[in-house]
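The values are calculated or read from the model by the stated rules, or taken from the named source; none is laboratory data. Note that the structure is predicted; figures quoted are calculated from it, not measured. All Cβ positions, even for glycine, are placed from backbone atoms using ideal geometry, and neighbour counts span all protein chains on display.
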Amino acid sequence: MKTEPESFGIDDLARVKIEPWTGVRNFQARNLMRDEMQVGDEVLFYHSNAHPSGVAGMARVHRTNVVDETQFDPESPYYDPKARRDAPTWICVDVSYVATLPRLVSLEELHAEPRLADMLVLRRGMRLSVQPASAAHVAVIQELSRSAAGSGAGAKPAAKAKPAAKAKPAAKAKPVAKAKPAAKAKPVAKAKAKPAKPARGTTR
């Protein structure tokens with residue numbers, strides 16, 4: 001289910017908890033809400049005309065066969081002068097807040113994911129504000145929201161890192177020259193002691 005976040009985004013639904021999905025003025029989208037949706041159905045809450053556009057959260061069908069009151073309000077941009085109270089033209093559903101996704105899954109990511117190739121929102125020219133999606137689609141988008149952007153199945157593999165250049169072997173150290181042995185000291189000549197002369201005047 002598409003909505004412009006400036007008008008009513010996932011944060012607004014988180015605040016009010018339950019909201020009628022009013023303002024749909026396409027018969028095919030109305031028929032999906034009136035005839036196909038059931039209480040308890042999961043809803044992918046999609047931000048359109050945003051930067052970027054993509055799935056922002058999860059909601060759930062809370063009540064079906066809800067009369068869109070904006071068709072009777074002359075002040076509403078969705079006023080339909082042909083609509084009658086006894087036979088309302090526009091029927092919608094109430095949706096309740098479930099969760100805000102860990103991160104928005106952008107339209108670009110949806111296109112890049114092979115498992116979502118058959119999703120209607122990705123078809124060229126598909127502008128319906130309400131579109132069917134399978135349980136498998138929901139599971140894939142929830143998985144993508146829990147991963148880093150660009151890491152899905154369709155993401156390009158990261159370039160392999162170039163191997164580090166091998167370090168050149170260190171130059172061998174030159175052997176240290178051996179020190180020459182110290183010269184032997186020459187023996188000191190022993191001094192010959194001369195016999196002392198007896199001192200004069202000394203008695204033996």
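Being in contact with a strand residue (DSSP E or B) (Cβ under 9 Å, 6 or more places away or on another chain) and either modelled with pLDDT of 95 or more or on the phi < 0 side of the Ramachandran plot (or both) narrows it down to one of Phe27, Phe8, so name that one. Outline the logic, then answer.
Numbers: Phe27 fails: in contact with a strand residue (DSSP E or B) (Cβ under 9 Å, 6 or more places away or on another chain).
The match here is Phe8.
Looking at the range 8-41 only, could you name the residues that are of a type in the set (Lys, Arg), under 16 Å from Thr70 (Cα atoms) and not in a loop (DSSP other than H, G, I, E, B)? Even if it seems obvious, please write down each step before you answer.
Within the range 8-41, the subset of a type in the set (Lys, Arg) is 15, 17, 25, 30, 34.
Then keep just the ones that are under 16 Å from Thr70 (Cα atoms); that gives 25, 30.
Passing the criteria: only Arg30.
What is the residue count in the range 74-116 for residues that are of a type in the set (D, E, K, R), free of Cβ contacts under 8 Å to residues at least 40 places away in the same chain and more than 30 Å from Ser145 (Cα to Cα)? Show your work before the answer.
Within the range 74-116, the first condition is being of a type in the set (D, E, K, R), and the residues that meet it are 75, 80, 82, 84-86, 94, 103, 108-109, 113, 115.
Next, from what is left, pick out any that are free of Cβ contacts under 8 Å to residues at least 40 places away in the same chain: 75, 82, 84-86, 115.
Narrowing the set further to residues that are more than 30 Å from Ser145 (Cα to Cα) leaves 75, 82, 84-86.
So the answer is 5.
Kindly indicate the residue of the range 123-139 that is in contact with a helix residue (DSSP H, G or I) (Cβ under 7 Å, 6 or more places away or on another chain) and hydrophobic (A, V, I, L, M, F, W, C) and also modelled with the lowest pLDDT among those meeting that condition. Step through it out loud before you land on a result.
At the first step, the residues of the range 123-139 found to be in contact with a helix residue (DSSP H, G or I) (Cβ under 7 Å, 6 or more places away or on another chain) are 126, 128-132, 137.
Narrowing further to those that are hydrophobic (A, V, I, L, M, F, W, C): 126, 128, 130.
Values: Met126: 88, Leu128: 94, Val130: 97.
Checking each candidate, the answer is Met126.
If you check Gln71, Gln28, which single one turns out to be without any contact (Cβ under 8 Å) to a residue 24 or more places away in the chain and of a type outside the set (A, V, I, L, M)? Break it down into steps so the answer makes sense when it comes.
Values: Gln28 fails: without any contact (Cβ under 8 Å) to a residue 24 or more places away in the chain.
From the options Gln71, Gln28, the qualifying one is Gln71.
From the list Phe27, Phe72, pick out the single residue that is in contact with a Phe, Trp or Tyr (Cβ under 8 Å, 6 or more places away or on another chain) and not β-branched (Val, Ile, Thr). Working first, answer last.
On the way: Phe27 fails: in contact with a Phe, Trp or Tyr (Cβ under 8 Å, 6 or more places away or on another chain).
Matching residue, one of Phe27, Phe72: Phe72.
Assuming Met119 fulfils every condition listed in (1) within 23 Å of Asp11 (Cβ to Cβ); (2) free of Cβ contacts under 8 Å to residues at least 40 places away in the same chain apart from one, which condition is it?
That leaves (1) as the condition not met.
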